[in-house]
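Comments concern the structure below.
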Amino acid sequence: MRKAFTMLEMVFVIVITGLVAIAGSMAIVQIMQNYAIQKEYAKMELDGTSAILQISKYLQDSVWDSIAIRNGNAYTDISSINKRDMGQLKDNKELVFISKNMDALNGYFGTYQGSGSNLPFFSGFIDLSNSNGTTLTTAFSQDKLLSLKNLVGKIGVYFPFVNKDGTVVDKYYSNTSNSGALFRINNINSDTTMTLGSSPSKIGDIAIIVNTTPVSLEKNNNGDLILDDGTDQTLAQGVSNFYIWSEAQSGLLRVRLCFTNKTMDFMPEFCKEGVIMQ
């Protein structure tokens, strides 16, 4: 007798083979989808962490009291923005701050402009006993001071807690030459003196050399997070939302950066948070 598969057996084999193939292809598709999801998640996690670290570095190297949200000509101190939605960068809003050019040296105690006061006014690099009006004698070496000469017009001296015309100011929210606690440097002389654009009546705390043009951070219409420090540096792409607000009065800021998620339908937006301390 001849032995062979019957037609029914062959049909069963074909059906079972087809089912195994379908199940296998579905498993492969699921694996590929999971891989794509994990890859996109890891990319957004890395992009969010990198952008927040860069923002943290810039803000920690800035004058903390200069950090503000700017909307046109209106400035809101970051310390008064204590809710997340208040610090959302949308429409024309942007984050602005003054970056330090050079940290101050140890303070020098004394009085300023013959006030006769016993209050310990001091500055990080100013010899108050030999300074007057717009002319400041520095504690820098001549070579150190002259190394800043090519930056004249771009840098200024920031005096926290300046007493000017009887008004105490410790903020800076404008790039005008005579605003708040920032005084533009008009000239650096051949000795150890520099000339300011205007004269503070009294100075206190540690003076810092800073850039006079504020750095701005904004989200453009393309979803790019742009840092304008003269280079228009792109910190992150595909950004759907950016928030920054004050968590406490002790010099702590919280940042929330969100990305548009085109891979995971169940999570259309991926957000990453971080904390920036003074």
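For residue 227, the conditions (1) surrounded by fewer than 21 Cβ atoms within 10 Å (Cβ to Cβ); (2) modelled with pLDDT under 90; (3) hydrophobic (A, V, I, L, M, F, W, C) all hold with the exception of (2).
Could you go through segment 209-219 and let me know if any residue there is modelled with pLDDT of 85 or more, surrounded by fewer than 14 Cβ atoms within 10 Å (Cβ to Cβ) and under 23 Å from the mean Cα position of the chain (by Cα). No, that holds for no residue.
Per-residue answers, yes or no, for (1) in a helix (DSSP H, G or I); (2) more than 27 Å from the chain's Cα centre (by Cα); (3) modelled with pLDDT under 75; (4) surrounded by 10 or more Cβ atoms within 10 Å (Cβ to Cβ):
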position	(1), (2), (3), (4)
3	no, yes, yes, no
21	yes, yes, yes, yes
31	yes, yes, yes, yes
36	yes, yes, yes, yes
45	yes, no, no, yes
50	yes, no, no, yes
55	yes, no, no, yes
59	yes, no, no, yes
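The single condition from (1) within 15 Å of the chain's Cα centre (by Cα); (2) more than 30 Å from residue 134 (Cβ to Cβ) that residue 259 fails is (1). Only residues that are at pLDDT 90 or above and among the basic types (Lys, Arg) were counted across segment 249-271, and they come to 2. Scoring residue 246 on the criteria (1) surrounded by 20 or more Cβ atoms within 10 Å (Cβ to Cβ); (2) at pLDDT below 90 leaves a single failure, condition (2). For the criterion of being modelled with pLDDT of 80 or more, in contact with an Asp or Glu (Cβ under 7 Å, 6 or more places away or on another chain) and either surrounded by 14 or more Cβ atoms within 10 Å (Cβ to Cβ) or outside the structural domain of residue 182 (by TED's automatic domain parsing) (or both), residue 137 passes.
The values are calculated or read from the model by the stated rules, or taken from the named source; none is laboratory data. Please read these numbers as outputs of a predicted model, since none were measured by experiment. In this analysis, Cβ positions are derived from the backbone assuming ideal geometry, glycine residues included, and neighbour counts consider all displayed protein chains.
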